[in-house]
1. Which is surrounded by 13 or more Cβ atoms within 10 Å (Cβ to Cβ) and within 16 Å of DNA strand D (Cβ to nearest atom), of B:G99, B:G31, B:G56, B:G91?
2. If we scan the stretch A:27-37, do we find a residue that is at pLDDT 95 or above, within 15 Å of DNA strand C (Cβ to nearest atom) and away from chain B (no Cβ under 14 Å)?
3. Would you confirm whether any residue within the stretch A:31-47 is assigned to a helix (DSSP H, G or I), among the acidic types (D, E) and under 15 Å from A:G99 (Cβ atoms)?
4. Which of (1) over 27 Å from B:I107 (Cα atoms); (2) surrounded by fewer than 24 Cβ atoms within 10 Å (Cβ to Cβ) is the odd one out, the single condition A:A183 does not satisfy?
5. Does A:N123 satisfy the condition of being under 13 Å from A:M75 (Cα atoms), crowded, with 17+ Cβ neighbours inside 10 Å and polar (S, T, N, Q)?
6. Note down all Cβ pairs under 8 Å where the first residue falls in the stretch A:38-62 and is more than 14 Å from chain B (Cβ to nearest Cβ) and under 23 Å from A:A113 (Cα atoms), the second is more than 9 Å from DNA strand C (Cβ to nearest atom) and of a type in the set (D, E, K, R), and they're at least six residues apart or on different chains.
7. Is it the case that the stretch A:130-137 has a residue that's under 24 Å from A:D92 (Cα atoms), touching a residue at least 24 places away in the same chain (Cβ under 8 Å) and aliphatic (A, V, I, L, M)?
8. Need the failing condition index for A:E67 against (1) crowded, with 22+ Cβ neighbours inside 10 Å; (2) more than 13 Å from chain B (Cβ to nearest Cβ); (3) closer than 20 Å to B:G159 by Cα, just the number.
Number of protein chains: 2
Amino acid sequence: MSPDSTPKRRDPVATRAAILSAARKAFTEHGYDGAGVREIARAADVDARLIGKYFGSKEGLFAEVVEVAFEKSMMMTPELNAEAARALLTGDDPHASDGMLLTLRSIANPRAAAIMRASIERNYQARLADALPGTDATGRSALLIAICAGTLLNRLLLGSTVLTGPDAEDLIPYLHAALDAVAVAPDEQVVDRRPGGRDGTAGPAGTPQAAARRE
Amino acid sequence: MSPDSTPKRRDPVATRAAILSAARKAFTEHGYDGAGVREIARAADVDARLIGKYFGSKEGLFAEVVEVAFEKSMMMTPELNAEAARALLTGDDPHASDGMLLTLRSIANPRAAAIMRASIERNYQARLADALPGTDATGRSALLIAICAGTLLNRLLLGSTVLTGPDAEDLIPYLHAALDAVAVAPDEQVVDRRPGGRDGTAGPAGTPQAAARRE
DNA sequence: ACCATAAGTCCACAAGTGAGGACTTAGCAA
DNA sequence: TTGCTAAGTCCTCACTTGTGGACTTATGGT
């Protein structure tokens, strides 16, 4: 991009930030193994050797990227399950699922997986567990993460035809119900699920089956 | 392994099978990008060039591996959700989830993803949808696959501490409920969920919350 | 003004990748 | 027994990977 005419201004913090930003993009797009240091350096308009200078190694750079990857990630609470289900199945915001995509595309590499596990449990799963009422909060939050990850995997990475097609909207209530089955405090769940209870996709639970399937 | 003393017996079908078997193992263990043709050839005790001869390319070999990867995969029906939840969270059978592992570890590569999507929708998701009562069977089967994939991902690949620990058993009912929320015909679901209905992990649904959470 | 520190650059290495051409030779049909 | 097809082997190519050493030069403190 920049011709070698100007020998490049020296700005350590800007350089570091540029590398970090380019790395975040490259890793979420191509995964840990798929993204090369040269490619990242080129995108950051920086010499490749600087990655080693600033972050020690590719692995060190990855660890720092992962650490901030889940910051912009959408947060989930039991009350937001309806919106979460919709976002997971129709998702438009390109940055909401960046952390998940980064994880899914880098999961094949065991070292990357270890780095991500630690960071996720500390920065994301813990917050999620705090928002969950009832027992087994940590385990249930892990389950919620699993459901979200699996849905995004099937839709965005595998490219499932049903989930990418227009009929994906019809599945929102089912995904919503599945999320509620794990997230919502069990006693509330039972009450709301009664036929004649709250309808459609609103509120916790509410399996919208009453109308459909009545042949 | 075999010293070059004997120049190797010629047996095309056995050679082909050996390559296929070694490739299946390598791909499920290290993913598409992580497994090299030389490594596969060495494991099959075969010259690397033969892979090109028999399968055209690494991609061709992968496609054939994927085609049979979900054969031994455990099948799911709404009635088996309890066992499925247990298997997903405590899973011992190393071959039951081979197809899923292969998928999860190769998903970062777009070409591999395209191959897998086609094969999964044709060989696995279709069968699963046939077993689902009610509407949106295809979409719901995609959702079920997503939940299973996400759980295995979090437990086996990411290495979630809760899911790998001994407390994972406590989560079976929650996962069971989530699966039922998608798989079981909605009307049956509501009936069974009533407190005082069927208990524990048995039968469809049955969120086992009655005992827990009563402070 | 000077100079030491460190930011940025260039070249190189060793190892690995997937793929293909040219060759030897085993196995089977005549 | 003689060929001929194809199975198996060897070597090579062109390329990419992450990392490191040695270098130049801008920058800020004195």
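1. Only one candidate passes the filter, namely B:G31.
2. Yes, there is a match, as at least one residue in the stretch A:27-37 is at pLDDT 95 or above, within 15 Å of DNA strand C (Cβ to nearest atom) and away from chain B (no Cβ under 14 Å).
3. no
4. Of (1) over 27 Å from B:I107 (Cα atoms); (2) surrounded by fewer than 24 Cβ atoms within 10 Å (Cβ to Cβ), only one is false for A:A183: (2).
5. Yes: the conditions hold for A:N123.
6. Matching pairs, first to second residue: A:I51/A:K58; A:F55/A:E64; A:E59/A:R111.
7. no
8. Here A:E67 clears every test but (1).
The values are calculated or read from the model by the stated rules, or taken from the named source; none is laboratory data. No experiment lies behind these values; they were computed from the predicted model shown. Here Cβ is always computed from backbone atoms with ideal geometry, including for glycine, and neighbour counts include all displayed protein chains.
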